1. Determine which single condition G254 fails, assuming it passes every other condition in (1) more than 16 Å from P17 (Cα to Cα); (2) of a type in the set (G, A, S); (3) in contact (Cβ under 8 Å) with a residue 60 or more places away in the chain.
2. Going residue by residue through segment 120-130, is there one that turns out to be over 23 Å from V151 (Cα atoms), outside any loop (DSSP other than H, G, I, E, B) and among the aromatic types (F, W, Y)?
3. State which residue is surrounded by the fewest Cβ atoms within 10 Å (Cβ to Cβ) when the search covers only segment 92-105 and only residues that are touching a Pro at 6+ places or on another chain (Cβ under 8 Å) and within 23 Å of P141 (Cβ to Cβ).
4. Tell me, please, whether a residue that is touching a residue at least 40 places away in the same chain (Cβ under 8 Å), surrounded by fewer than 16 Cβ atoms within 10 Å (Cβ to Cβ), not in a helix (DSSP H, G or I) and not hydroxyl-bearing (S, T, Y) can be found in segment 157-166.
5. Report yes if A88 is more than 21 Å from D258 (Cβ to Cβ) and either of a type in the set (A, V, I, L, M) or touching a strand residue (DSSP E or B) at 6+ places or on another chain (Cβ under 7 Å) (or both), otherwise no.
6. Restricting attention to segment 106-134, which residues are surrounded by fewer than 16 Cβ atoms within 10 Å (Cβ to Cβ) and either of a type outside the set (D, E) or touching a helix residue (DSSP H, G or I) at 6+ places or on another chain (Cβ under 6 Å) (or both)?
7. Only residues that are out of contact with any helix residue (DSSP H, G or I) (no Cβ under 6 Å at 6 or more places or on another chain), closer than 17 Å to S170 by Cβ and not in a loop (DSSP other than H, G, I, E, B): list them for segment 193-216, please.
8. So which residues in segment 127-146 are β-branched (V, I, T) and more than 11 Å from D53 (Cβ to Cβ)?
Amino acid sequence: MVRLGQREAAGIVKAWPYPRWIAHRGAGKLAPENTLAAFRLGAAYGYRMFECDAKLSADGVPFLMHDSTLDRTTNGTELLGAGAGAGAVAGEHPWSLLSRLDAGSWHSRAWAGEPLPTLDSVARFCLRNGYFLNIEIKPTPGVEQQTGEVVAREAARLWRDRAVPPLLTSFRPESLQGARTTAPHLPRGLLLDTLSTDWMDIARQLDCAAIVCNQNLWDCDTVALAQRAGLRCLSYTVNDEWAAQRLIDLGTDGLITDRVDLFPPV
């Protein structure tokens, strides 16, 4: 198999500025995910690149949260009152309310009161410290393209004139298309949990720079296919040493992990 340096020298792929190891949602599971506290902890372990999830508030503010609903990682149901019921949808509320939520207590008492961050605040943390970012566009159902457009516009503004832009990824082609239309110069990656028959066609249509797969989908054939198309190969969520070594041996380019305490980010 042609390795990374050989592929670059041969002009098969563009130079890849990102480190191999990427901290999942900030610091994996060691701190409340998608918070600045998690980013700071991941950085304390030496990580230089972070993955996060971005969605839109009802009034269009990009902020960090993985789930569509508030229940698992915030006190949203408590704050909104019993009338909201379980499963309150994050994207249906304005940032003025979302900014008041406790996004830390669910994890442990040590993080009580940790707020949800905006994409703007996370970007500034990364830029001031020289860190890299993988922004997963995680839209509320029904606003896939709009979320891609807004996240890409904000990323382009925040990283204007910076040498290394963020990598924008999504499971939703509509979101990646929105990002491509708004900021075509920002690199994009197609997220895949299964391999459909048209995954390569979709990646090409969206002019993607990378495929970000469930780690189990990569084998010699899929890696070779992606590499021949000039695509980088990234994996989620890699938490075992044997799995990491398998992916490194396959010649993949990036490993997204919860185990910032296990893997030195070399």
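1. For G254, the failing item is (1).
2. First, the residues of segment 120-130 that are over 23 Å from V151 (Cα atoms): none.
Looking through segment 120-130, none of the residues is over 23 Å from V151 (Cα atoms), outside any loop (DSSP other than H, G, I, E, B) and among the aromatic types (F, W, Y).
3. The qualifying residue surrounded by the fewest Cβ atoms within 10 Å (Cβ to Cβ) is S99.
4. Yes, because at least one residue in segment 157-166 is touching a residue at least 40 places away in the same chain (Cβ under 8 Å), surrounded by fewer than 16 Cβ atoms within 10 Å (Cβ to Cβ), not in a helix (DSSP H, G or I) and not hydroxyl-bearing (S, T, Y).
5. On the way: more than 21 Å from D258 (Cβ to Cβ): yes; either of a type in the set (A, V, I, L, M) or touching a strand residue (DSSP E or B) at 6+ places or on another chain (Cβ under 7 Å) (or both): yes.
The answer is yes for A88.
6. Going residue by residue through segment 106-134, those that are surrounded by fewer than 16 Cβ atoms within 10 Å (Cβ to Cβ) are 108-110, 112-113, 120-121, 124, 127-130.
Within segment 106-134, S108, R109, A110, A112, G113, S121, R124, L127, R128, N129, G130 meet the criteria.
7. Scanning segment 193-216 gives W199, M200, D201, A203, R204, Q205, A210, V212, C213, N214.
8. Matches in segment 127-146: T140, V143.
The values are calculated or read from the model by the stated rules, or taken from the named source; none is laboratory data. This one's a predicted model, so the numbers in the text were calculated from it and none came from an experiment. Here Cβ is always computed from backbone atoms with ideal geometry, including for glycine, and neighbour counts include all displayed protein chains.
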